[in-house]
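What follows is one structure encoded as structure tokens, with my remarks underneath.
Every read-out reported here was derived from the displayed coordinates using simple, explicitly stated rules and does not represent laboratory data. Note that the structure is a prediction, hence the values are computed from the model and not measured. Glycine also receives a Cβ, built like all others from the backbone with ideal geometry; neighbour counts cover every protein chain displayed.
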């Protein structure tokens, strides 16, 4: 099994599912190898059967196989500057001279980021190891990602292990493996005499630097300053507002909101934070009776450019602790589908806001109907019957999904993310947003930085 590509008749003239000859770009850590071992045979079939013009097929093959320098005569720095100033979509059509349908074919290969290729500069696109056309440009190599564990519940395992480290009694066991099926004792998270407490359902609405000498028995003084020696935090819980004080505070929330939570920030820092308009992400989990049709089609991941759902990912073969993946095509399993919201031609911030409205206004019934239709069109030839084989769907609407910093030219040499994360008095700022990148590794690095800022005060 491996990666497949589905051509829909509305875009490409006819419905066709083919083995994909191109290397994987997204979700490369889920499966190996990312380059198909039978790539030559796949290219032969693709070039013969793909519902594309001969010119478009030749363009794609050239992009993936030709080590051409499309900007000859320029230095590396001149190439980087030029590629930073254009989108990858423009590079493919205007510089590499490909048919526009080639961009359509490629556009959802970074769907996991919630963006399409018009929002990636050509240079940034070179950071994806297998987006084609940039191999022969002599660009500096991007650092390869370290292999990482993919847990059955995603990053929730990391959060559970952090909770265990902070409050051991809340999560039974003491190894990674025994944490997978362990049940958290939520009542043990917020005990009166515990040295560490995690308070759920509590939303911070205001954070201010204050001077401890001005605290009053009846409440908090409103006087505040960046040279204060404490932080006043107001939060909402159970329809009531509470105020607490602390020596330090780290805001690890969505950075865009910090300018509202902490209204005393300098105007220039608020402006930098305002550029973090997150992508809307729709992830749909589908409970399948079995995965026989996928096995017959020899696909476990389908890229579906321009379809309603653009990426379909069969649950990976993960065995950890007491958790076991489906052992046979006859077993039930889970598949994840992604939908990307895009308004080509609009700035990133506008695309994300319009996409968020679209996602929230779409009914569950529409998502369900589109899933059934797409499954039958892609896999009906291989025996899939959505009425029988789909047992249920879970719709996950992440209105503010991944970090994506507005690519608008920055009047300062300092990136927006760096300007936005500067400490303010005794308030430090963390979260993956503070790195301008969407990964758990970046979130950890920013947390580490923010804690060390606090320790220096």
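Across the range 11-73, the fraction of Cα-Cα pairs farther apart than 18 Å, rounded to a whole number, is 47%.
The separation of the range 409-457 from the range 318-375, counted between C-alpha centres, amounts to 30 Å. Comparing Cα centroids, the range 229-276 and the range 161-206 end up 24 angstrom apart.
Counting helices only, and only those DSSP H runs with n ≥ 4, report the 222 nm mean residue ellipticity of the chain as the sum of -39,500 (n - 2.57) divided by its residues, in deg cm²/dmol to the nearest 500.
Mean residue ellipticity, 222 nm, calculated: -8000 deg cm²/dmol.
With a ≥ b ≥ c taken as the square roots of the eigenvalues of the C-alpha gyration tensor of the range 1-115, please select rounded if a/c is under 1.5 and otherwise prolate if a/b is larger than b/c or oblate if it is not? Prolate, since a/c reaches 1.5 and a/b exceeds b/c. Per-peptide packing, taken as the mean over residues of other Cβ atoms within 10 Å, places 371-379, 193-201 in the sequence 371-379, 193-201 from highest down.
Sort the range 78-214 into rounded, prolate or oblate with this rule: let a ≥ b ≥ c be the square roots of the eigenvalues of the Cα gyration tensor; rounded if a/c is under 1.5, and if a/c is not under 1.5, prolate when a/b is larger than b/c, oblate otherwise. Because a/c hits 1.5 or more and a/b exceeds b/c, the range 78-214 counts as prolate.
Computed extension gain for residue 14 through residue 206, at 0.36 nm per residue and net of the alpha carbon distance, reaches 63.6 nm.
The Cα trace of the range 240-399 gives Rg and Dmax of 21.0, 64 Å, the first to one decimal, the second as a whole number.
Here is the size of the range 292-384 from its Cα atoms: Rg then Dmax, 16.3, 48 Å. The shape of the range 52-141 can be summarised by an equivalent ellipsoid whose semi-axes, obtained from the alpha carbon gyration tensor, come to 19, 16, 11 Å from longest to shortest.
Relative contact order for the chain: 17 percent, from Cα pairs under 8 Å spaced at least 6 residues apart, divided by residue count. For the range 314-457, the C-alpha radius of gyration sits at 1.47 times the compact-globule guess of 2.2 N^0.38 Å, with N the residue count.
For the chain, how big is Rg over Rh, using alpha carbon atoms and the Kirkwood form of Rh? Don't skip to the end; give the middle numbers.
Details: Rg = 24.8 Å, Rh = 24.8 Å.
Across the chain, the Cα-based Rg/Rh ratio is 1.00.
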